[in-house]
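Working notes for the structure below.
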Amino acid sequence: MSKATRTPAQLRERGLIGASELIAVERVVARFAASITDEMVELINPDDRDDPIAAQFVPRAAELHTAPEELSDPIGDEPHTPVAGVTHRYPDRALLKPVHVCPVYCRFCFRREQVGPKHGAKPSVLSDAELDHALAYIREHPQIWEVILSGGDPLILAPAKLARLIAALDAIEHVRVIRIHTRVPVVDSQRINVALLDALAVDTTVYVVLHTNHVRELTPAAARACASIVDAGIPMLAQTVLLRGVNADAAVLEALFRRLVELRIKPYYLHHGDLAEGTSEFRTTIDEGQALMRALRGRVSGLCQPTYMLDIPGGHGKVPIGPSYLHEPAPELGDEPRRVEDIDGRLHRYPPKRD
C-alpha cells in the first residue's frame, strides 16, 4: 500500500506548504484529518499554487473560516442513523459505514467532522458488536434492496475483514445490490489485488463507484486497478464533486469524463459542493454548475454525461438540479405548443398530444 504524508511537518518537508503556512496548517490539522498518499503527492507540482491535486488534499488556512450557511452535518446523516454505522434515508437503500478512516482526506469532504483517526473517542472502525447490530438492522428491514458501503473508505479494510462483511451482506436475501464508494483505485491503487477482488466475488450484484475529480488522478496505475475490477466482472461508476479551483471548467470535466468512459467507468453523479464547514472556497454557484452541464451537452456523448446532483441540507436527500431544455409556452402564444431548446440555444415547438 502507498505510504502517506500526514503531519504539517511532513507537508513542509515535502514542499507542499511554505514555512509561513505551517502554524495555520497545524490548526487546520488539529481539527480536520490530513493524509495524502505517495501516489497523489507524486502528481502534485509544488511550484504551482493552483495545482488541482494539491487543492484537493493539501490543508490550507482557508479551512479555518466557517461561512454562516455551513454545517457540521451538511447532508443530515445524524437524524437518519438508527444504529451506529447505518444511515437509512431512502426506503430501499441504506448506507453502511464500517470504517471512519480514508487513505486520503479530501479538504472538501462532507463528513470531515466525522472521519479521521482522531475525532473524539470514536474508533476508526465499527466494533464487532456494532457491526452485528448494523447487519441485524439491515436483516430486519426487508425493504432494503441496496446496501452502500461508505465511510470512510470501505476498501481500506483488510481483504479478510472485507470478505466477511461482503459475505454477511450476500447472505441477506432481500439485499440484491451492494455498492461500494471508494477512492482507493486512484489514491492507493496497490490495494486492488487478488485478495480484495476475491472478497467481492459473491452472488449478489456488486458495483464499485469511484470518486475522482480530475483526469490527472487517472494514472496508469489507477487505470490498471480499475481494469482489474471491471475484468473481474464488477461494473464501475464514477462520482465527481464540482470544485472551484479543481474542475469547474467544461474542458477539464470533458477530459475527465471521456477518460472514465475509455476506462469502462460510467460517470454517474456530478455533485454540487456540500455545505461542510470550512469548504466555501471550493463551492460554485448552482448557476455555474448548470452552465457547465449545458456546455457538456452535445459536446460529449450521453455515456460521458453524469447527473448534476444537490444533496439538500438537513437530510432531505439528493435531487437532480441540471438545466432544463423544456420551456412553457409564452403567454402571448396562448395554447401554442411547448418549446424545446436545442444544444445551441435555439427554441423549437413541440406539439401537444391531441385526443
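The values are calculated or read from the model by the stated rules, or taken from the named source; none is laboratory data. Owing to the predicted nature of the structure, the values given are computational and were not obtained by experimental measurement. No Cβ is skipped: glycine too gets one built from the backbone with ideal geometry, and neighbour counts run over all protein chains shown.
Filtering the stretch 1-55 to residues that are in a loop (DSSP other than H, G, I, E, B) and free of Cβ contacts under 8 Å to residues at least 24 places away in the same chain leaves Gly18, Glu42, Asn45, Asp47, Asp48, Arg49, Asp51. I need the full set of residues from the stretch 81-100 which are touching a Ser or Thr at 6+ places or on another chain (Cβ under 7 Å) and at pLDDT 95 or above, in order please. Listed by number, the residues that qualify are Thr81, Thr87, Ala94, Leu95, Lys97, Val99.
For every residue, the table says whether it meets (1) out of contact with any Pro (no Cβ under 7 Å at 6 or more places or on another chain); (2) of a type in the set (Val, Ile, Thr); (3) at pLDDT below 95.
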position	(1), (2), (3)
Arg107	no, no, no
His119	yes, no, yes
Asp132	yes, no, no
Ile144	yes, yes, no
Ser150	yes, no, no
Ala158	yes, no, no
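Being outside the structural domain of Arg12 (by TED's automatic domain parsing) and not in a helix (DSSP H, G or I) is the requirement here; does Pro68 meet it? Considered against the rule, which asks whether it is outside the structural domain of Arg12 (by TED's automatic domain parsing) and not in a helix (DSSP H, G or I), Pro68 comes out as yes. Meeting the requirement of 1 or more residues that are at pLDDT 90 or above and exposed (fewer than 13 other Cβ atoms within 10 Å of the Cβ), the strands (runs of 3 or more DSSP E) wholly within the stretch 309-351 are 317-320, 347-350.
When the stretch 220-260 is filtered for residues that are among the aliphatic types (A, V, I, L, M) and under 17 Å from the mean Cα position of the chain (by Cα), the ones remaining, listed by number, are Ala222, Met236, Leu237, Ala238, Val241, Leu242, Leu243, Val246, Ala248, Leu253, Leu256, Leu260.
Scanning the stretch 74-89 for residues that are in contact with a helix residue (DSSP H, G or I) (Cβ under 9 Å, 6 or more places away or on another chain) and at negative phi, we see that the one that is surrounded by the fewest Cβ atoms within 10 Å (Cβ to Cβ) is Pro82.
Against the condition modelled with pLDDT of 95 or more, buried (at least 16 other Cβ atoms within 10 Å of the Cβ), of a type in the set (Ser, Thr, Tyr) and more than 26 Å from His80 (Cα to Cα), how does Ser228 come out, does it pass? Here the answer is yes, as Ser228 does meet what is asked. In this entry, Leu71 passes the filter for residues that are aliphatic (A, V, I, L, M), closer than 30 Å to Thr87 by Cα and surrounded by 15 or more Cβ atoms within 10 Å (Cβ to Cβ).
Applying the criterion of being out of contact with any strand residue (DSSP E or B) (no Cβ under 9 Å at 6 or more places or on another chain) and in contact (Cβ under 8 Å) with a residue 24 or more places away in the chain to the residues of the stretch 144-162, the residue that is farthest from Val104 (Cα to Cα) is Ala160.
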